[in-house]
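Trainee: Take this structure first; my questions come after.
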Amino acid sequence: MLVKAADFLIGPVFDAVDIGLVVLDEQQCIVGWNEWIARVSRLSAEDILGKNLCDVFADLRSSRLPAVIDDAFQAGSSSILTHTLNTLLPLRGEDGEPLLHNIVVRPVVSVSAKYCLLQITDVTTAVSRERLLRERQNARYYAIVDSAPDAIITVDDSRKIQWVNGSVDDVLGYGHSELLEQKIDILLEPENALLPILAKTSVHRERPTTVSVVGRYRNGNVGHFEVSIGYWRADRRDFVTTIWRDVTERVTADAALRDARDELQKINEELESRVEKRTREREVALRQLHESQKMESIGQLTGGVAHDFNNLLAVVLGSLGLLKKAIPQDPRVSRLLDRAIQGAERGATLTARLLAFARRQELKVEYVALQKLIPEMLDFLRHSVGPNIAIHAEISADVCAIEVDANQLELALINLAVNARDAMPEGGSLTIACRNEVDGRAVGLAQGPFVCITVTDTGEGMSEETLARAQEPFFTTKGVGKGTGLGLSMVHGFAAQSGGAMRLRSELGKGTTVTLLLRRAREDLDMPTADAESSELVKARHLRVLLVDDDILVSMGAADMLLDLGHSVTEAQSGSQALKLLESDSPFDVVVTDYAMPGMNGFELAQRIKERNSKLPIILATGYAELPADKSIEFERLSKPYTAKDLAAALEKAVYS
Amino acid sequence: MRQNGTELTEIEQDALAEIANMGVSRAANSLRQMVGEQVFLSVPTVQIVTRQAASKLVERNNSKRLVAVQQSFEGPFGGRALLIFPEAQSLELVRSIVGDEHSLDDVIDLEQEALAETGNIILNGCLATIANMLHRTMRMSLPSIVRGDGAALFGSAASAEQFVLFLYIDFNIKKRDVRGFIALLMDLPSIAALKEIVNDYVNNIQRQSPSHVG
Amino acid sequence: MQYKVLVVDDSKLARMVMASAFRRIRPEWTLVETANADEALAAVSADKIDIALIDFNMPDTDGLELAARIHKNHPGMPVAVVSANVQEEIIGRARELNAGFIPKPLTDDALAAFLSGAALRLKKVAT
């Protein structure tokens, strides 16, 4: 059954649909008005039908609708008019609220005439759903943004704040609306890294970045912030989003940490330097201690050795002396004996000088005429250096006498000669020269006239290094078993002790010159008698001698000497034994006691004796110069090893003076 | 190249350009009412291209995300009319019509519909002008929104609509520049019909001014 | 009175339409056709143009600007802007220049109305 189109226009379907249907004729007059539109427009069909659309709804004249309806008739266009872009009909829903609607305009061609159909659709639900969705989305968005612990501030291209999130209060102290339309400058200290970035003109091309800025809270206090910057564009305008994180605590903590660390470092460095200094001091002190310990041990060593050696030499000397007396005057034998005695005596002096070096023994200072001493030594020197070395003496006739311990000088010269010999294994020449030096100051010494003794060899010489170390005790270049290394240091020590100096000059391959600068003798010193070696022994009257020595061998030797001198001897091996003997009724005229004895030493014995019998002369025989200076004054001292002559002199002095 | 009957002669080109311009002006008039400020629309060129070529042309500037308002039309010639924009620009267009300087998220509830209407205005302007100038009536559908790249917009290979009357279109609305395209997809018979109608029209006018010196 | 009318339009079709209408309305007058602003200005200075009809929508040329220039040099000349673009801004600007506005598509009535008005104005000036 064909249904005519006209039937539907006013038929039940027309009024049943859930959209508005309006039919217009070519004059834009309303020929169809369905139930739905009547309801929402509150205008019934009776009121409407036949009227021009724009007469009923005057506002429509200014809208697109009339033109669009025209187009539908003229061109057959179909059009849509949305509520967003157009203001349309005044329609209301059941709740009385405005009904949002779209209008679709369609040409309708029927057999007889042309019509235009308007379809009005309610979009309220769609709109509210959309709105709801957007609000929900916005709400979520706002929640996300407001829940951020950092402050989010958006500025436009003139640095005016357009938008802030809720956290600006917590972070900066500003209420939500207080910042809007203000320039972001109010949040920043004058010197900051943010403004220059914001000032850039082509901001929208920049990449997101983060800067550290010094900012200001609402209360005016200053804080440190890390601000991250993002760029975006909307509606053809550039915007910048800044996210502010307060890092003041961290910055101050960092600064404090840095300060503490710097402080610590400084303290550390100070500590280190102090430790270094102390270590150095300690090292120096240790070195010095070591040196002095070395010296002490050397001293002790040499002292010990020398002491024993002394004792042995004493025995040798004693026996040789006696032997000389006992043997008939055979010139050859005599010469041999003399030489032996000389050798032993030299050995004694050597050990004595050794001890002097180790213990700074008191020197026997005397007047020495070099013109005499050196020529006398030459023989011995020649023997010391061997036949390959030529010895020359250049002593200027006017050279003055010097004040030194003669034995020590001899010993020094022997040392130098031996060194020179060792430096000339292929042979060479040795020259000893003496001259006056006008003033010590010229050679870096004290004021006053000096005498200069030079010992020059033509040997290998020394390198600068060796030269530097030459005066060290035990330093030797001579190889094992060949040199004690004590030579030069001994010479140096001798020179210094004598108030002079030793100078070294050497050149590798050329030779060495040792210069001794010694003080000229004062005029008032007594000239010793020319005769140094008198074999005349002063025969003293017979003495009863108590000889105390723990060493039997030495005791024997000394006893022989005493006997030879015409005295009678009683020997004791210890202090206590001696005291016992003294208590017995045999009287003694003099006590000769060794110093170094176990149990009671000689000094203690002497004191004990003195207590009992203050008049008894006591002689302390010391080979080991250990006596403290003050204690030896009251007792006569006899240096071991001693000759018979020394013994006689001591006895004389002790008993008769 | 073999004349396949789809190329425009000079006078045809001239005619279609003039018609297109008038159509777009008409659309501009309609938009002006909504916008409240002068709307600037112009059509620099008109050409007939293949579908593949059109597909590439719309993707210039590497914009593969395209939005089109589409209407089909029937009459002496039929086909699809598309108003095509890169996606980002499409909403710019709508917002430029609706919004002012400030953000307008809350103003547009049904953005999609607004876009459809805007496209509808423009396409109708063109189609209606064509119809009027050529003294023909046509039937046009309501607008729908289509998204995709050039290939998606211009249809599958199987489609009969092989030819595209292609227009570049420049908008300037409220100081925003928007550039888009209008494409009328037609099959060969339709193109031929259109050309015939255009030529008739031209001839009519020429006939009315015999002394006319072109 | 015979007048010389200048038509400026880049579209050949539009010029044809104009010419066609012109023939119908004022067959005795002369029509000078130009396709762009340069040609138009040349024609205005060379020939004695009495009335100008200018298409608004031309590439590289703002029809209203051209109208303004012609008006400056020839203040008495009746000028009309012809355009499908009937936005009020356009019409307003035309009015400011004391120019008429003829909408496209061109109707004989619209053209006739303007030409009559123009002739009247020219006659007034002459006397």
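Trainee: Hand me the list of strands (runs of 3 or more DSSP E) wholly inside region C:1-70 holding 2 or more residues that are of a type outside the set (Ser, Thr, Tyr) and over 19 Å from C:ARG93 (Cα atoms).
Mentor: The qualifying strands (runs of 3 or more DSSP E) are C:4-8, C:30-34.
Trainee: Shifting gears a bit: Within region A:575-586, is there a residue that is part of a loop (DSSP other than H, G, I, E, B) and crowded, with 17+ Cβ neighbours inside 10 Å?
Mentor: no
Trainee: Ok, one more. For region A:451-473, indicate whether the set of residues that are in contact with a strand residue (DSSP E or B) (Cβ under 9 Å, 6 or more places away or on another chain), open to solvent by less than 20 Å² (accessible area, probe 1.4 Å), in a loop (DSSP other than H, G, I, E, B) and at pLDDT below 80 is non-empty.
Mentor: yes
Trainee: Considering only residues that are in contact (Cβ under 8 Å) with a residue 12 or more places away in the chain and in a loop (DSSP other than H, G, I, E, B), look in region C:87-106 and name the one that is farthest from the other protein chains (Cβ to nearest Cβ). Working first, answer last.
Mentor: Step one: list which residues in region C:87-106 are in contact (Cβ under 8 Å) with a residue 12 or more places away in the chain, which gives C:90, C:93-94, C:97-106.
In the following step, the residues that additionally are in a loop (DSSP other than H, G, I, E, B) were identified as C:97-99, C:104-106.
Values: C:LEU97: 16, C:ASN98: 20, C:ALA99: 17, C:LYS104: 5, C:PRO105: 6, C:LEU106: 10 Å.
Filtering first and then ranking leaves C:ASN98.
Trainee: Looking only at region A:152-198, which residues are in a loop (DSSP other than H, G, I, E, B), open to solvent by less than 20 Å² (accessible area, probe 1.4 Å) and under 19 Å from A:THR248 (Cβ atoms)?
Mentor: A:SER167
Trainee: Additional query: Kindly establish whether C:ALA84 is crowded, with 17+ Cβ neighbours inside 10 Å, more than 13 Å from every other protein chain (Cβ to nearest Cβ) and not β-branched (Val, Ile, Thr).
Mentor: Here the answer is no, as C:ALA84 does not meet what is asked.
Trainee: Next question, about the same structure. Count, please, the residues in region B:137-162 that happen to be touching a Lys or Arg at 6+ places or on another chain (Cβ under 7 Å) and among the hydrophobic types (A, V, I, L, M, F, W, C).
Mentor: Matching residues across region B:137-162 total 1.
Trainee: Right, another one. With the requirement that a residue be away from chain C (no Cβ under 14 Å) and either in contact (Cβ under 8 Å) with a residue 40 or more places away in the chain or open to solvent by less than 80 Å² (accessible area, probe 1.4 Å) (or both), what does region B:172-188 give you?
Mentor: If the condition is that a residue be away from chain C (no Cβ under 14 Å) and either in contact (Cβ under 8 Å) with a residue 40 or more places away in the chain or open to solvent by less than 80 Å² (accessible area, probe 1.4 Å) (or both), then B:ARG176, B:VAL178, B:ARG179, B:GLY180, B:PHE181, B:ILE182, B:ALA183, B:LEU184, B:LEU185, B:MET186, B:ASP187, B:LEU188 are the ones that fit.
Trainee: Next up: Step by step: first the residues of region C:1-35, then only those that are open to solvent by 10 Å² or more (accessible area, probe 1.4 Å) and more than 14 Å from every other protein chain (Cβ to nearest Cβ), then the one that is farthest from B:ASP14 (Cα to Cα). Which residue is that?
Mentor: C:MET1
Trainee: Which strands (runs of 3 or more DSSP E) sit wholly inside region A:38-134 and have at least 1 residues that are within 30 Å of B:GLY75 (Cα to Cα) and facing chain B (nearest Cβ under 8 Å)?
Mentor: On the way: elements: A:79-81, A:101-109, A:114-122.
Hits in region A:38-134: A:79-81, A:101-109.
Trainee: If you go through region B:143-166 one residue at a time, how many are open to solvent by 10 Å² or more (accessible area, probe 1.4 Å), within 18 Å of B:SER90 (Cβ to Cβ) and hydrophobic (A, V, I, L, M, F, W, C)?
Mentor: Total meeting the criteria: 3.
Trainee: Among all residue pairs at least 6 apart or on different chains, which show Cβ distances below 6 Å where the first residue, located in region B:124-146, is more than 7 Å from every other protein chain (Cβ to nearest Cβ) and the second is aliphatic (A, V, I, L, M) and outside any helix (DSSP H, G or I)?
Mentor: B:VAL146/B:ALA68
Trainee: Right, here's the next one. Among the residues that make up region A:137-151, is at least one of them surrounded by 22 or more Cβ atoms within 10 Å (Cβ to Cβ) and more than 9 Å from chain B (Cβ to nearest Cβ)?
Mentor: Scanning region A:137-151 turns up at least one residue that is surrounded by 22 or more Cβ atoms within 10 Å (Cβ to Cβ) and more than 9 Å from chain B (Cβ to nearest Cβ).
Trainee: Can you tell which of A:LEU378, A:LEU354, A:LEU320, A:LEU411 is in contact with a helix residue (DSSP H, G or I) (Cβ under 7 Å, 6 or more places away or on another chain) and over 21 Å from A:HIS492 (Cα atoms)?
Mentor: A:LEU320
Trainee: List every residue pair whose Cβ atoms lie under 7 Å apart, where the two residues are 6 or more positions apart in sequence or sit on different chains, the first residue falls within region A:462-476 and is among the polar types (S, T, N, Q), and the second residue, located anywhere, is at pLDDT 70 or above.
Mentor: A:SER463/A:LEU508; A:GLN471/A:LEU488; A:GLN471/A:SER489; A:GLN471/A:HIS492
Trainee: C:LYS124 passes all but one of (1) in a helix (DSSP H, G or I); (2) within 13 Å of chain B (Cβ to nearest Cβ); (3) open to solvent by 40 Å² or more (accessible area, probe 1.4 Å); which number fails?
Mentor: Answer for C:LYS124: the failing condition is (2).
Trainee: Still on this model: Looking only at region A:355-372, count every residue that is assigned to a helix (DSSP H, G or I), at pLDDT 70 or above and surrounded by 20 or more Cβ atoms within 10 Å (Cβ to Cβ) and tell me the total.
Mentor: 1
Trainee: Which number in (1) farther than 15 Å from A:ARG106 by Cβ; (2) surrounded by fewer than 17 Cβ atoms within 10 Å (Cβ to Cβ); (3) at pLDDT below 90; (4) of a type in the set (A, V, I, L, M) marks the one condition that A:ILE48 misses?
Mentor: For A:ILE48, the exception is condition (2).
Trainee: Another one. Please specify each residue of region B:46-64 satisfying the condition of being under 28 Å from B:PRO189 (Cα atoms) and either in a helix (DSSP H, G or I) or open to solvent by 60 Å² or more (accessible area, probe 1.4 Å) (or both).
Mentor: Of everything in region B:46-64, those that are under 28 Å from B:PRO189 (Cα atoms) and either in a helix (DSSP H, G or I) or open to solvent by 60 Å² or more (accessible area, probe 1.4 Å) (or both) turn out to be B:GLN47, B:THR50, B:ARG51, B:GLN52, B:ALA53, B:ALA54, B:SER55, B:LYS56, B:LEU57, B:VAL58.
Trainee: Any residue at all in region C:59-75 that's crowded, with 17+ Cβ neighbours inside 10 Å, facing chain B (nearest Cβ under 9 Å) and over 14 Å from the mean Cα position of the chain (by Cα)?
Mentor: No; the residues of region C:59-75 include none that is crowded, with 17+ Cβ neighbours inside 10 Å, facing chain B (nearest Cβ under 9 Å) and over 14 Å from the mean Cα position of the chain (by Cα).
Trainee: So, one more: Which numbered condition trips up A:GLU403, out of (1) crowded, with 22+ Cβ neighbours inside 10 Å; (2) part of a strand (DSSP E or B); (3) not basic (Lys, Arg)?
Mentor: Single failed check for A:GLU403: (1).
Trainee: Continuing with the same structure: Taking region C:6-29 as the region of interest, how many residues are more than 30 Å from B:ILE197 (Cβ to Cβ) and under 13 Å from the mean Cα position of the chain (by Cα)?
Mentor: Total satisfying the criteria: 1.
Trainee: So, one more: Among the numbered criteria (1) touching a Lys or Arg at 6+ places or on another chain (Cβ under 8 Å); (2) modelled with pLDDT under 80, which single criterion is violated by A:THR512?
Mentor: Going through the list (1) touching a Lys or Arg at 6+ places or on another chain (Cβ under 8 Å); (2) modelled with pLDDT under 80, A:THR512 breaks only (2).
Trainee: Is it fair to say A:SER489 is over 30 Å from A:ALA644 (Cβ atoms) and at pLDDT below 80?
Mentor: Details: over 30 Å from A:ALA644 (Cβ atoms): yes; at pLDDT below 80: yes.
Taking the combined requirement at face value, the residue satisfies it.
Trainee: Could you check C:ILE54 against (1) within 10 Å of another protein chain (Cβ to nearest Cβ); (2) modelled with pLDDT of 90 or more and say which number it fails?
Mentor: Every condition holds for C:ILE54 apart from (1).
Trainee: Any idea which of A:ILE103, A:ILE80, A:ILE69 is at negative phi, open to solvent by less than 70 Å² (accessible area, probe 1.4 Å) and touching a Cys at 6+ places or on another chain (Cβ under 9 Å)?
Mentor: A:ILE69
Trainee: Considering only region B:65-169, give the helices (runs of 4 or more DSSP H) lying wholly within it that have at least 2 residues that are farther than 20 Å from B:ARG51 by Cβ and at pLDDT 80 or above.
Mentor: Passing ranges, in order: B:111-133.
The values are calculated or read from the model by the stated rules, or taken from the named source; none is laboratory data. Nothing here was measured: the structure is a model prediction, and the numbers come from that model. Quick reminder, even Gly has a Cβ in these numbers, built from the backbone with ideal geometry, and neighbours come from all protein chains shown. Quick note on the areas: whole protein, heavy atoms, side chains included, nothing else; ligands and nucleic acids left out. Shrake-Rupley method; radii C 1.70, N 1.55, O 1.52, S 1.80 Å.
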